[in-house]
Amino acid sequence: MGKFVVKTTASGVKFNLLAGNGQVIATSEVYKSEASCLKGIESVKKNAAIANLEDQTAEPIVAATCPKFEMYTDKAGEYRFRLKARNGEIIATSEGYSAKSGCENGIESVRKNAPDAEIVKE
């Protein structure tokens, strides 16, 4: 089972979503407070399983409604995804993947792990 790890940084509080194997599969922005960070986690839990997929690496790009995962390529040519809540805010982002299939697996891992993940503070 996955878990959300809440960490204090120099400028605020953020979370990492870890898969059952301990790998980081998604990261949050830095929030000003722990309460805001926990609200972000709840949003990921609520939206991940029901989010649509917008593949911005495919032609033509078919727009999806929020909540959604947006899969895209970064400047280095790596595949990444971001999860957007119903209001369009980005609530989680991924690492870079060299292959599209790895990015797709990352999205599925977030869908599977986020809803029931426990929250731990580091």
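The values are calculated or read from the model by the stated rules, or taken from the named source; none is laboratory data. Nothing here was measured: the structure is a model prediction, and the numbers come from that model. Note that we place each Cβ from the backbone using ideal geometry, even for glycine, and neighbour counts take in every protein chain shown. These accessible areas exclude ligands, DNA and RNA; they are computed on the full protein's heavy atoms, side chains included. Shrake-Rupley method; radii C 1.70, N 1.55, O 1.52, S 1.80 Å.
Largest first, the extents of the alpha carbon coordinates of the range 31-81 on the three principal axes equal 40, 26, 13 Å. Taking the DSSP bridge list for the chain and keeping only pairs wholly inside it, about 75 percent are antiparallel. The mean sequence separation of alpha-carbon pairs under 8 Å and at least six residues apart, normalised by the residue count of the chain, gives a relative contact order of 29 percent. For the chain, a Kirkwood radius taken over Cα pairs fed into Stokes-Einstein (20 °C, viscosity 1.002 mPa s) yields D = 149 µm²/s.
When the chain is treated as a Gaussian network with alpha carbon springs shorter than 10 Å, the biggest mean-square fluctuation among A48, A58, A19 belongs to A58.
Under a Gaussian network description of the chain, with springs only between Cα atoms under 10 Å, the residue in K46, K75, K14 that fluctuates furthest is K75.
Accessible area per residue for the chain, computed on protein heavy atoms with a 1.4 Å probe, is 54 Å². Considering the options A117, A99, T57, tell which one lies farthest towards the positive end of the dipole of the chain, charges being +1 on Lys and Arg and -1 on Asp and Glu at the Cβ, about the Cα centre. Checked the options; the winner is A117. Pairs from the table (K45/K100; K45/K121; K7/K112; K7/K32; K45/K84; K14/K84) lying more than 19 angstrom apart at Cα are K45/K100; K7/K112. Summed over all non-identical Cα pairs, the Kirkwood treatment of the range 1-44 gives a radius of 10.4 Å. Residue-normalised convex hull volume from the C-alpha trace of the range 49-105: 81 Å³ per residue. For the range 68-74, backbone phi angles converted through the Karplus equation (6.51, -1.76, 1.60; θ = phi - 60°) give residue-by-residue couplings of 7, 8, 9, 9, 8, 10, 8 Hz, Gly and Pro being listed as x. Heavy-atom surface analysis with a 1.4 Å probe gives the range 31-122 a carbon and sulfur content of 48 percent of its accessible area. Rounded to whole numbers, the Karplus 3J(HN,Hα) couplings from phi for the range 51-58 are 5, 6, 10, 10, 8, 7, 9, 9 Hz, using 6.51 cos²θ - 1.76 cosθ + 1.60 with θ = phi - 60°, and x at Gly and Pro.
Phi angles across the range 45-50 convert, under the Karplus curve 6.51 cos²θ - 1.76 cosθ + 1.60 with θ = phi - 60°, into 3J(HN,Hα) values of 4, 6, 8, 4, 5, 9 Hz, Gly and Pro given as x. Amide H contacts of L53: F69, each under 5 Å away and 5 or more positions distant or on a separate chain (H built 1.01 Å from N in the peptide plane; Pro and chain starts excluded). Of the listed residues R86, R80, the order by accessible area with a 1.4 Å probe, largest first, is R86, R80. Working from label points 7 Å from Cα in the Cα-to-Cβ sense, the Q56 to S36 distance is 2.3 nm. Highest mobility in the GNM of the chain, judged by mean-square fluctuation with C-alpha springs under 10 Å and restricted to T93, T57, T27, is found for T57.
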